[in-house]
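Data first, discussion second: the structure below is written as structure tokens.
The values are calculated or read from the model by the stated rules, or taken from the named source; none is laboratory data. Because the structure is predicted, anything quoted here is derived from the model rather than measured. Every residue, glycine among them, receives a Cβ derived from its backbone with ideal geometry; neighbour counts consider all protein chains shown. What goes into the accessible areas is simple: the full protein's heavy atoms, side chains included, and nothing from ligands, DNA or RNA. Shrake-Rupley method; radii C 1.70, N 1.55, O 1.52, S 1.80 Å.
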Amino acid sequence: MAVFGHKEFHDHERVVYGYHKESGLRAIISIHNSNLGPALGGCRMIPYVNDDDALTDVLRLSRGMTYKAAMAKVPYGGGKAVILGDPTKDKTEALLCAMGRFIHSFGGEYISGEDMNISVADCKVMARETLHIGGIAETPTGGDPSPMTAYGVEMAIRAALFHRYHTNSLTGKKIHVEGNGKVGPPLAEGLVAAGAEVFVTDINIERERKAVADLGVISVSNDFLTSYDELDVYAPCALGKAVNDENVGKITAKIVCGAANNILENPENGETLKERGIVYVPDYVANCGGLIDIYYQNTGYDVEKAHAHTKSVAYDMTLKILSAARNLNCTTLF
């Protein structure tokens, strides 16, 4: 399996494979860049089709964390961890402890935390083996950074709306939130409270039904994104590549802005969105809130400061990027 010749390898500093026979742990930790400080990035667990898919994911995710930390102006570099396995079958206490030891072997050069299918409770298990775990502090959310991520995405959506419509009001705006895991529900809740009409989809039908029952959102079919002409915002909050070669020419939303990492399958998708007049907010700006929340957890938590910091990045930086892209007649990609 080639690393240096991989299409997603961009001067990554360290890519390390971890294996623990007894627990069944198979994992990869990637540090993209540590110029600003130790690499910070969550750990996710996914039943990848193969090892190559896992490597592609961790390389892309760790690079995105470098950009996110720089945009958020926090003293961290970009890193990420992936565990290969089915979280419903393979996630055990022994496996999480083995992952904690793997993280600890980096000596603080990599700091992990929660991500897809890895909860705060899981992180606390890993923390038995290492001090280098974020997102487990005693905060109003129990250490969970997801609500702050959702708040940042809402601020980025408001900024994109202002750029497009000259108003940041959410009243009457039609927004499609895809994914109802950790970030989707608090995002949808905030959008509904602000007067938006929110539509949801999720590959997990039970989570989708819960969102409908709890939040007052509307369940829609998978083709909604490409068939509903009145859609203002598409907010992907699940897996990456939500905008891809297959759907980019058919998306009806006027704005793409969500919490998912690596929303675009490739840079060419960004060019297509621009040509079609669709505003795209880079995910590493929109979803900055979780990283900022963890920064404050590590330095003395102050929820008001965390909110203010998140808004200054997600709202103000989004406006600057969109304005610069318009003035330069280029995409919002870096």
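Taking the conditions exactly as written (more than 22 Å from Pro38 (Cβ to Cβ), basic (Lys, Arg) and either open to solvent by less than 60 Å² (accessible area, probe 1.4 Å) or assigned to a helix (DSSP H, G or I) (or both)), does Lys305 satisfy them or not?
Taking the combined requirement at face value, the residue does not satisfy it.
Scan region 261-271 residue by residue and report those that are open to solvent by 10 Å² or more (accessible area, probe 1.4 Å), farther than 26 Å from Tyr76 by Cβ and assigned to a helix (DSSP H, G or I).
Once the filter is applied, which keeps residues that are open to solvent by 10 Å² or more (accessible area, probe 1.4 Å), farther than 26 Å from Tyr76 by Cβ and assigned to a helix (DSSP H, G or I), region 261-271 yields Glu268, Glu271.
Out of Lys254, Lys274, Lys210, which single residue is in contact (Cβ under 8 Å) with a residue 12 or more places away in the chain, closer than 14 Å to Gly184 by Cβ and open to solvent by 30 Å² or more (accessible area, probe 1.4 Å)?
Criteria check complete, one pass: Lys210.
Restricting to region 33-62, count the residues that are open to solvent by less than 20 Å² (accessible area, probe 1.4 Å), part of a strand (DSSP E or B) and either over 18 Å from Leu95 (Cα atoms) or in contact with a helix residue (DSSP H, G or I) (Cβ under 6 Å, 6 or more places away or on another chain) (or both).
The qualifying residues number 2.
Name the one entry in Lys73, Lys80, Lys7 that is at positive phi and basic (Lys, Arg).
Going through Lys73, Lys80, Lys7 in turn, the sole match is Lys73.
Quick check, is Lys89 in contact with a strand residue (DSSP E or B) (Cβ under 7 Å, 6 or more places away or on another chain) and either among the small types (Gly, Ala, Ser) or outside any helix (DSSP H, G or I) (or both)?
No.
For Tyr234, which of the numbered conditions (1) under 18 Å from Asn222 (Cα atoms); (2) in a loop (DSSP other than H, G, I, E, B) fails to hold?
So the condition that Tyr234 fails would be (2).
Could you list, in sequence order, the residues of region 128-173 that are small (Gly, Ala, Ser) and surrounded by fewer than 20 Cβ atoms within 10 Å (Cβ to Cβ)?
Matches in region 128-173: Ala137, Gly142, Ser169, Gly172.
Name every residue in region 278-302 that is aliphatic (A, V, I, L, M) and assigned to a helix (DSSP H, G or I), in order of residue number.
Val285, Ala286, Leu291, Ile292, Ile294
Give the residues of region 10-31 that are touching a helix residue (DSSP H, G or I) at 6+ places or on another chain (Cβ under 6 Å) and over 26 Å from Val125 (Cβ atoms), sorted by residue number.
Across region 10-31, the qualifying residue is only His10.
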